[in-house]
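Scroll down for the structure; my scribbles are underneath it.
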Amino acid sequence: MSSIVFDIETLAFPLNSFDEKQHEYLFKFCKSEEERLGKIQELALSPLTARVITIGMANPENNHGKVLFLSDEQTTEKSKDGTVEYVSFTEESSIIEQFWETIKHYNQFITFNGRSFDCPFIMMRSAILGVKPSRILIPYRYDTKIHCDLMEQLTFYNAMRRFNLDFYCKSFGIRSPKEDGITGLELAPLFEQKQFRTIAEYCFGDVLATAELYRRWKEYINIDNG
């Protein structure tokens, strides 16, 4: 079975891109500046208020992969070891189109919390941008042969407490991408500073961590399915 791991990074649209009525709706329950700032941070989590700026993908068998990311120019470069291709685009729609073209060639895709975030986000952004999907990203929940969401597998479908990727990595002795000092909160300033490749490499770090977590799950937890 051919498999691919993927992860996305998203960035909220500037506040001035929303009209007065939208502002009123977004912040109507905020009673303090602290609550308003918290709501601004949450904007990156919705496909109606944010866009996809990076999609990282990798083969879990050898960690070779590709990262599609938003930039000021369109370029294609290889990592120093030649295992990762970094492809930049100037339009979000191009990133998503290339994602759909790539993922259709794989039988199984693997994510971390993809069923609740990455997959619906991509599908909604595709609809908003008029990009036609190449496959269903949210198939039958309890069959990992098509979509293996490690968040659901490691919580046994929410029978146990949920933790973030960083916590799982540290618990399993896997190198966490957060050890490089970058978190989702740094993406906005990095993007403003035009550190597009840095964001792409950060995303691929999440992909590699997810791939290693998948290998542990497959060997030690999902033993009935080989």
When residue 112 is run through (1) open to solvent by 10 Å² or more (accessible area, probe 1.4 Å); (2) more than 22 Å from residue 198 (Cβ to Cβ), the failure sits at (2)
Mind listing just one residue for me: the one in the stretch 23-34 that is part of a helix (DSSP H, G or I) and open to solvent by less than 90 Å² (accessible area, probe 1.4 Å) and, of those, farthest from residue 13 (Cα to Cα)?
27
Scanning the stretch 115-132 residue by residue, those open to solvent by less than 60 Å² (accessible area, probe 1.4 Å) and assigned to a loop (DSSP other than H, G, I, E, B) turn out to be 131
Taking the residues in the stretch 72-103 that are touching a residue at least 60 places away in the same chain (Cβ under 8 Å) and open to solvent by less than 20 Å² (accessible area, probe 1.4 Å) as candidates, determine which candidate is nearest to residue 124 (Cα to Cα).
99
Which of the numbered conditions does residue 9 fail, given that it passes all the others? Conditions: (1) touching a Phe, Trp or Tyr at 6+ places or on another chain (Cβ under 6 Å); (2) of a type outside the set (Val, Ile, Thr); (3) closer than 25 Å to residue 116 by Cβ; (4) part of a strand (DSSP E or B).
(1)
Counting just the residues of the stretch 155-173 that are under 12 Å from residue 112 (Cβ atoms) and hydrophobic (A, V, I, L, M, F, W, C), which one comes out most open to solvent (accessible area, probe 1.4 Å)?
167
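The values are calculated or read from the model by the stated rules, or taken from the named source; none is laboratory data. Everything numeric in this text was worked out from a predicted model, so none of it was measured. When we count neighbours, we look across all protein chains shown, and the Cβ atoms used for this are built from the backbone with ideal geometry, even at glycine. Heavy atoms of the whole protein, side chains included, go into the accessibility calculation; ligands, DNA and RNA do not. Shrake-Rupley method; radii C 1.70, N 1.55, O 1.52, S 1.80 Å.
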